[in-house]
Amino acid sequence: MSVLRNLLWPIAVVYGVVLRIRHLLFDANILPSRKAAIKTIALGNVALGGTGKTPHAAYILELLKEFEHRAFLSRGYGRKTSGFLRINGDSHVEQVGDEPLLIARRFPYLDCFVGEDRLSAIEQIARQTQSNLVVLDDALQHRKLQPDVALMLTTWDQPFVEDALLPVGRLRDLKLRVKKADAVIVSKCPADVSKDDRANMANRLDLLEVPVFYSRIAYGQPIAVQSGHSLSGGDSVLVVTGIANADLFLQYVKSCYHVVDHMSYPDHASFSAADLAEWGAKKSGQHINVLTTEKDAMRLFGMNLPQELRVFYIPIEVVLIGEGEKERLKALILKKIND
C-alpha cells in the first residue's frame with residue numbers, strides 16, 4: 001500500500017496545484033464570485049462523502065424555525081435529470097436524488113429544489129417563492145456562490161488534518177479551505193465523548209480562529225416502508241446499505257437486532273429487481289426483515305417490493321454535544337446572517 005501511495009503522490013501534487021490556482025483566481029475576483037439575493041447557509045466538506053451533510057442540513061433547517069419561508073437547495077447528486085427542479089410529493093429519486101428527496105419528505109412544508117448552478121437556482125427560488133433563507137447541503141466547492149454562512153464538516157474518526165488529497169487520500173479540496181469556514185462541525189462523534197476528548201480534537205484540528213462544534217447521531221425507531229409491519233428489538237434483520245460509510249449504522253443495528261447478513265452497495269447505488277430477489281433469498285421462513293438507512297429507503301419507495309421483503313428504515317437526527325452548544329451555533333449563524 002505504501003508503494004502505491006508513493007506512486008500516486010505526484011498526481012496528488014498536481015491536483016493540489018490545480019486547486020490552488022482555481023482558488024487564487026476566485027480570491028482575486030478573476031473568476032466571478034458573489035452573494036445571492038437571498039441569505040444562504042452552505043454546508044460542505046473537503047473530503048469525499050460520509051461526513052453527514054444531509055442530516056446536518058436537516059438540523060439547520062429545524063434550528064432556524066423563525067425563518068418561516070426557508071428553502072433547501074441541493075445539486076441532486078445521482079439523479080438522472082439536469083437543471084433546476086422543484087421537489088414535490090410526486091418526485092422520484094431518479095429525478096431529484098435520494099438526499100434531496102429525504103429532506104423534502106421530512107419537511108413537506110418547505111420549498112425544496114435541486115440545481116447544479118447554485119446562483120442561478122437561488123435566483124429562480126427568489127422569483128418563485130417567498131423564501132428568505134436557503135440552506136445548501138454541499139456547496140463549498142461551488143466558488144461562484146459566496147454563502148453568508150459556511151459550515152464545514154469533518155468526521156471524528158477521519159479528521160481532515162490526518163488525510164491527504166486525492167488519489168492518495170480522500171480530500172477533494174485543500175486543507176486550508178477549512179479555515180475559511182465560519183464554523184467547523186466534527187460529526188459522528190462517539191456518544192460518550194468527553195470534554196477532554198473534544199479539547200484534544202480541537203488541538204489536532206489547529207483551528208484557533210474558527211469555532212468548532214461536535215455532533216453525534218441519534219437513531220430513531222424503525223419505520224416500515226410498507227404499512228402493516230413492525231420490527232422489535234432482537235428480531236433478525238438483513239442490513240442493506242448504499243452509503244459512503246455504514247460503520248456507525250451497522251454498529252448500532254448490531255446492538256439492537258440479530259444481523260443475518262449485510263449487503264453493502266456503493267453510495268447512491270440504484271437498487272434493481274435482481275437485488276430485491278437476492279435479499280428475498282435470505283429469508284428463513286415466509287419473509288425477511290430488511291433494515292436500511294433513511295437515505296437508502298428513498299430509493300426503495302415506489303419500487304415493486306416482493307411480499308417476502310418487509311422493509312424498514314431507521315431515521316436519524318443530529319445532536320450537538322455540550323451544554324449550550326445548540327444555542328451557541330444558532331447565535332453564530334444569526335449573527336453572520338444579519339451582518
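The values are calculated or read from the model by the stated rules, or taken from the named source; none is laboratory data. Because the structure is predicted, anything quoted here is derived from the model rather than measured. Glycine also receives a Cβ, built like all others from the backbone with ideal geometry; neighbour counts cover every protein chain displayed. Please note that ligands, DNA and RNA were not included when accessible areas were found on the heavy atoms of the full protein model with its side chains. Shrake-Rupley method; radii C 1.70, N 1.55, O 1.52, S 1.80 Å.
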Of the residues in the stretch 113-125, how many are open to solvent by less than 70 Å² (accessible area, probe 1.4 Å), acidic (Asp, Glu) and in a helix (DSSP H, G or I)? 0
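Taking the condition hydroxyl-bearing (Ser, Thr, Tyr) and over 22 Å from residue 56 (Cα atoms), does residue 230 pass?
yes
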Just give me the residues in the stretch 171-193 being outside any loop (DSSP other than H, G, I, E, B), in contact (Cβ under 8 Å) with a residue 60 or more places away in the chain and open to solvent by less than 50 Å² (accessible area, probe 1.4 Å), in sequence order. 171, 177, 178, 183, 185, 187
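Could you check, for the stretch 281-289, whether at least one of its residues is under 27 Å from residue 49 (Cα atoms), polar (S, T, N, Q) and either part of a loop (DSSP other than H, G, I, E, B) or open to solvent by 30 Å² or more (accessible area, probe 1.4 Å) (or both)?
First, the residues of the stretch 281-289 that are under 27 Å from residue 49 (Cα atoms): none.
Checked the stretch 281-289: no residue is under 27 Å from residue 49 (Cα atoms), polar (S, T, N, Q) and either part of a loop (DSSP other than H, G, I, E, B) or open to solvent by 30 Å² or more (accessible area, probe 1.4 Å) (or both).
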Looking at the stretch 22-31, is at least one residue open to solvent by less than 90 Å² (accessible area, probe 1.4 Å) and among the polar types (S, T, N, Q)? no
Could you tell me whether the stretch 21-31 includes any residue that is of a type in the set (A, V, I, L, M, F, W, C) and in contact with a strand residue (DSSP E or B) (Cβ under 8 Å, 6 or more places away or on another chain)? no
Filtering the stretch 62-74 down to residues that are in a loop (DSSP other than H, G, I, E, B) and of a type in the set (Asp, Glu), which residue is surrounded by the fewest Cβ atoms within 10 Å (Cβ to Cβ)? 66
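Of these, 151, 64, 73, which one is over 17 Å from residue 35 (Cβ atoms) and modelled with pLDDT of 95 or more?
64
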Residue list for the stretch 75-112, filter: within 15 Å of residue 301 (Cα to Cα), of a type in the set (Gly, Ala, Ser) and part of a loop (DSSP other than H, G, I, E, B): 89, 91, 97
